[in-house]
Amino acid sequence: MRKMILSIAMVLMALTAAAEKQTVTLYIHDMECNSCKAKVEKTLAFERGVQDLEFDLEKRQVTVVFNDKKTTIEKLQQALMKYNKYTSQVVTKCHKPCLEKSSCCQKK
C-alpha cells in the first residue's frame with residue numbers, strides 16, 4: 001500500500017512539473033555574433049525558471065524552455081533589455097517576429 005501511494009505521488013509530481021513547462025522563441029535583432037550570444041545566454045540562464053536555451057545565431061533567435069510558474073515571457077524580455085539593451089520579439093509559427101501589422105499573425 002505504501003509503495004502504491006508513493007508511486008501515485010511521484011506520477012502526480014511529474015504531471016505537475018510537465019504542466020509548468022513552456023517554450024518560447026525570441027527574435028533578438030542585435031544578436032549578431034558569438035559574443036552577443038554569450039551575453040544573451042548569461043542573462044537568460046540566470047533568470048528564475050529557465051530550464052534550457054537553444055540558439056540559432058543565423059536567424060538571431062533563441063528558444064527558451066522555462067517554468068511558467070517562476071517566470072514569464074515578459075520577464076525574460078525585460079531581463080534582455082535591462083542587462084544587454086537587447087529588444088526581443090516573440091516568434092510566431094511563421095518564424096517571423098510577431099508584429100501587430102504582420103499578416104501572418106493577425107488575431108482572429
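A few points about this structure:
- Strands (runs of 3 or more DSSP E) completely within the range 47-93 that count 3 or more residues being touching an Asp or Glu at 6+ places or on another chain (Cβ under 7 Å) and under 23 Å from Glu20 (Cβ atoms): 61-67
- Residue within the range 58-72 that is in contact with a Ser or Thr (Cβ under 9 Å, 6 or more places away or on another chain), in contact (Cβ under 8 Å) with a residue 12 or more places away in the chain and of a type in the set (Asp, Glu) present: no
- Residue satisfying all of: in the range 35-46; hydrophobic (A, V, I, L, M, F, W, C) and assigned to a helix (DSSP H, G or I); surrounded by the most Cβ atoms within 10 Å (Cβ to Cβ) among these: Val40
- Here is the figure for the range 51-92: residues that are buried (at least 18 other Cβ atoms within 10 Å of the Cβ) and within 10 Å of the chain's Cα centre (by Cα) total 6.
Laboratory data are not the source of any read-out in this text; all were calculated from the coordinates shown. Predicted model only: the values in this text are computed from it and were never measured. Positions of Cβ are backbone-derived with ideal geometry, glycine not excepted, and every protein chain shown enters the neighbour counts.
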